[in-house]
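Peer 1: I'd like to ask some things about the structure below.
The values are calculated or read from the model by the stated rules, or taken from the named source; none is laboratory data. A quick note: this is a predicted structure, and the numbers were derived from the prediction, not measured. Here the Cβ positions follow ideal geometry from the backbone for every residue, glycine too, while neighbour counts run over all protein chains shown. The accessibility values were calculated without ligands, DNA or RNA, using every heavy atom of the protein model including side chains. Shrake-Rupley method; radii C 1.70, N 1.55, O 1.52, S 1.80 Å.
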Amino acid sequence: MRRRRGERSSTPVCGETRAVCEDYYVHRLDTEECPGEERPPFFTLIGSGAPVCMVPKMRESMPQTPIFPSMLGSACSGQVQPEMGEQSGDPVYQDGCLVSGSLEALIERLVPTVDYYPDRTYIFTFLLSSRVFIHPYEILAKVGQICIKQKQQLEAGTEADKAKLKSFAAKIIQLLREWTETFPFDFQDERARKELKEIAQRITQCDEENGTIKKSISQMMQNVLLALSTRGQYQEVREKIRQPVTDKGTILKAKAQSAQKDILSVCGDPLILAQQLTTIELERLASIYPEDLMQIITHMDSLDKDNHKCRSDVTKTYNLEAYDNWFNCLSMLVATEICRVVKKKQRTRVMEFFIDVARECFNIGNFNSTMAIISGMNLSPVARLKKTWSKVKTAKFDVLEHHMDPSSNFCNYRTALQGATQRSQSANSSREKIVIPVFNLFIKDIFFLHKIHSNRLPNGHINFKKFMEISRQIHDFLTWKQVECPFEKDKKIQTYLLTSPIYTEEALFVASFENEGPDNHMEKDSWKTLRSTLLNRA
């Protein structure tokens with residue numbers, strides 16, 4: 001049952017479990033731990049003040065996944081292949097869609113022939129998901145072996161077969177180009193670069209006269225090195241995690257506090273602040289790559305029994321943690337801006353301002369910032385400010401909370417996300433193309449899709465149907481992150497958002513209690529303990 005504003009308990013509801021939709025249960029917890037259940041990465045306070053753990057309900061089979069649009073332009077359709085049985089490792093098809101197969105069979109399906117080229121949805125899905133089972137450089141080595149075999153067969157054939165060598169070579173180069181453009185960071189590994197060069201050298205021999213293929217390969221290699229260099233620069237300048245601070249002024253009620261900068265003195269227009277938040281979000285999304293998202297799986301799983309060595313050199317990515325940290329910092333910044341204001345009238349203005357900012361973010365399609373702001377305003381130090389909330393016009397906030405309500409597996413939010421996605425697909429301007437999902441929910445969807453469905457089927461086949469759905473969701477994310485930001489960056493506002501000190505949870509409670517004193521025994525005890533602790537530290 002929902003509490004009235006200002007009457008929210010500072011202690012999250014514990015042990016309340018309810019079934020929602022057909023996919024998940026939602027379980028609210030009173031601690032960050034999830035006893036007896038494996039928690040997804042980046043487990044953040046969202047929506048309410050309490051952590052929300054979505055526990056998967058088991059289903060017998062995943063619904064049929066349609067072929068999603070290619071991210072690489074017009075697809076080069078492959079031959080229609082007949083449905084096959086489950087003998088040996090042969091691929092298995094269901095209603096014309098590939099659902100499973102052995103690793104070797106799937107690799108063979110990746111490699112073009114004179115008369116066949118895999119559709120790009122398959123290329124993307126296989127290259128994205130195969131890293132769960134095998135190193136990219138090992139796939140390249142196998143691709144190279146298949147290429148040699150096909151090249152030798154053509155060279156030993158008729159004159160007509162020999163004439164097809166250039167066509168075959170062009171298709172191999174196209175495959176390698178798509179691989180290096182979509183997953184350039186597979187080639188950070190020197191072994192992968194070595195295998196790529198060896199394949200390229202063999203293919204070059206098919207067109208020694210005019211050197212067209214040689215030029216294509218040279219350009220491809222340059223693009224790989226440029227992409228690796230760019231990512232290296234991203235990692236070098238990666239933002240350090242901003243640590244919350246304890247402001248001694250909150251204990252002493254320093255009068256100088258009123259002279260400090262606050263968000264309203266930096267930006268008084270909710271739309272402009274929402275646009276600057278969106279700019280920050282898009283910049284952070286740009287540094288997240290598909291292979292980063294697959295680490296949600298590879299960091300949870302041991303690889304196949306024959307490939308334990310693969311685990312040892314999986315490089316941990318910080319991009320996901322950095323983006324998740326941004327959500328937490330924004331939530332804490334909102335709470336800090338509210339709690340550090342001494343005068344109730346000004347504090348009310350700040351609350352209403354952030355409500356308007358969240359609404360503008362929602363209208364833009366920036367759902368991540370919307371959720372972060374709502375989360376910050378629902379943190380207990382803010383939610384307990386009854387006198388302040390009584391002065392706030394909460395109708396807009398109630399609407400926002402309704403849209404981001406966690407019940408029914410965030411059904412309302414998912415409807416809004418679907419609407420924004422449809423708008424984006426038909427939009428003519430960058431402004432209308434913006435879709436920034438709630439990142440934690442996006443991560444959790446991938447996590448639970450992975451946990452519900454096994455990587456391999458009982459017959460030993462790779463569960464390709466599962467990875468098609470995961471890659472479809474990641475493909476959608478890549479489409480959203482590629483939108484060019486239409487808003488001009490305001491350096492002053494962004495500096496404030498990214499560097500302004502934020503309070504620790506302790507400091508937030510102290511400031512909250514100083515603004516509105518404790519009104520029950522539990523709060524009085526907490527206030528006394530906190531005040532004593534922080535004064536001793538000071």
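Peer 1: So for the range 397-419 (the condition being within 24 Å of LEU478 (Cα to Cα) and not in a helix (DSSP H, G or I)), does at least one residue qualify?
Peer 2: Yes - at least one qualifying residue is present in the range 397-419.
Peer 1: Considering only the range 447-479, state which residues are under 24 Å from PRO91 (Cβ atoms), aliphatic (A, V, I, L, M) and open to solvent by less than 10 Å² (accessible area, probe 1.4 Å).
Peer 2: ILE462, ILE470, ILE474
Peer 1: Can you pull out every residue in the range 501-514 that is open to solvent by less than 10 Å² (accessible area, probe 1.4 Å) and within 30 Å of the chain's Cα centre (by Cα)?
Peer 2: ILE502, TYR503, LEU508
Peer 1: When the range 200-212 is examined, which residues are found to be farther than 15 Å from GLU178 by Cα and either in a helix (DSSP H, G or I) or at pLDDT 85 or above (or both)?
Peer 2: GLN201, ARG202, ILE203, THR204, GLN205, CYS206, ASP207, THR212
Peer 1: Can you tell me how many residues within the range 125-166 are touching a Cys at 6+ places or on another chain (Cβ under 8 Å) and open to solvent by 40 Å² or more (accessible area, probe 1.4 Å)?
Peer 2: 1
Peer 1: Same structure, new question: Taking ARG191 as the residue in question, decide whether it is open to solvent by 10 Å² or more (accessible area, probe 1.4 Å), in a helix (DSSP H, G or I), closer than 23 Å to ILE148 by Cβ and in contact with a Phe, Trp or Tyr (Cβ under 6 Å, 6 or more places away or on another chain).
Peer 2: For ARG191, the condition - open to solvent by 10 Å² or more (accessible area, probe 1.4 Å), in a helix (DSSP H, G or I), closer than 23 Å to ILE148 by Cβ and in contact with a Phe, Trp or Tyr (Cβ under 6 Å, 6 or more places away or on another chain) - is met.
Peer 1: Filter the range 303-329 down to the residues that are hydrophobic (A, V, I, L, M, F, W, C) and modelled with pLDDT of 70 or more and list them by number.
Peer 2: Selection gives LEU320, ALA322, TRP326, PHE327, CYS329.
Peer 1: Just to be sure I understand, how many residues within the range 443-462 are closer than 18 Å to PHE124 by Cβ and either in contact with a Cys (Cβ under 8 Å, 6 or more places away or on another chain) or in a helix (DSSP H, G or I) (or both)?
Peer 2: Residues that pass the stated criteria total 3.
Peer 1: While we're on this one: If ALA169 passes every condition in (1) touching a Lys or Arg at 6+ places or on another chain (Cβ under 9 Å); (2) loosely packed, with under 15 Cβ neighbours inside 10 Å but one, which one does it miss?
Peer 2: All conditions are met except number (2).
Peer 1: Right, something else. Scan the range 93-107 for residues that are assigned to a strand (DSSP E or B) and more than 16 Å from VAL132 (Cα to Cα) and report the count.
Peer 2: Residues flagged as assigned to a strand (DSSP E or B) and more than 16 Å from VAL132 (Cα to Cα) within the range 93-107 amount to 5.
Peer 1: Against the definition (open to solvent by 30 Å² or more (accessible area, probe 1.4 Å) and either modelled with pLDDT of 95 or more or not in a helix (DSSP H, G or I) (or both)), how does MET332 come out, yes or no?
Peer 2: Yes.
Peer 1: Hey, another quick one. When you scan the range 379-393, do you find a residue that is within 26 Å of PHE487 (Cα to Cα) and either in contact with a Cys (Cβ under 6 Å, 6 or more places away or on another chain) or among the aliphatic types (A, V, I, L, M) (or both), even just one?
Peer 2: No, every residue in the range 379-393 fails to be within 26 Å of PHE487 (Cα to Cα) and either in contact with a Cys (Cβ under 6 Å, 6 or more places away or on another chain) or among the aliphatic types (A, V, I, L, M) (or both).
Peer 1: Is at least one residue of the range 179-190 out of contact with any His (no Cβ under 9 Å at 6 or more places or on another chain), farther than 24 Å from GLN295 by Cβ and of a type outside the set (Phe, Trp, Tyr)?
Peer 2: There is no residue in the range 179-190 that is out of contact with any His (no Cβ under 9 Å at 6 or more places or on another chain), farther than 24 Å from GLN295 by Cβ and of a type outside the set (Phe, Trp, Tyr).
Peer 1: Scan the range 382-396 residue by residue and report those that are within 32 Å of the chain's Cα centre (by Cα), part of a helix (DSSP H, G or I) and surrounded by fewer than 24 Cβ atoms within 10 Å (Cβ to Cβ).
Peer 2: Once the filter is applied, which keeps residues that are within 32 Å of the chain's Cα centre (by Cα), part of a helix (DSSP H, G or I) and surrounded by fewer than 24 Cβ atoms within 10 Å (Cβ to Cβ), the range 382-396 yields ALA383, ALA395, LYS396.
Peer 1: Does any residue in the range 284-297 that is open to solvent by 10 Å² or more (accessible area, probe 1.4 Å) come within less than 6 Å, Cβ to Cβ, of a residue that is polar (S, T, N, Q) six or more places away or on a different chain, and which pairs are these?
Peer 2: SER287/ASN319; GLN295/THR317
Peer 1: Ok, one more. For the structure I just gave you, tell me whether THR415 is closer than 22 Å to GLU281 by Cα, modelled with pLDDT of 95 or more and surrounded by fewer than 22 Cβ atoms within 10 Å (Cβ to Cβ).
Peer 2: Taking the combined requirement at face value, the residue satisfies it.
Peer 1: Output yes when any residue across the range 502-512 is over 23 Å from ALA383 (Cα atoms) and at pLDDT 90 or above, and no when none is.
Peer 2: Taking every residue of the range 502-512 in turn, none turns out to be over 23 Å from ALA383 (Cα atoms) and at pLDDT 90 or above.
Peer 1: Being over 29 Å from ILE134 (Cα atoms), out of contact with any His (no Cβ under 9 Å at 6 or more places or on another chain), crowded, with 18+ Cβ neighbours inside 10 Å and at pLDDT 80 or above is the requirement here; does ILE280 meet it?
Peer 2: Taking the combined requirement at face value, the residue satisfies it.
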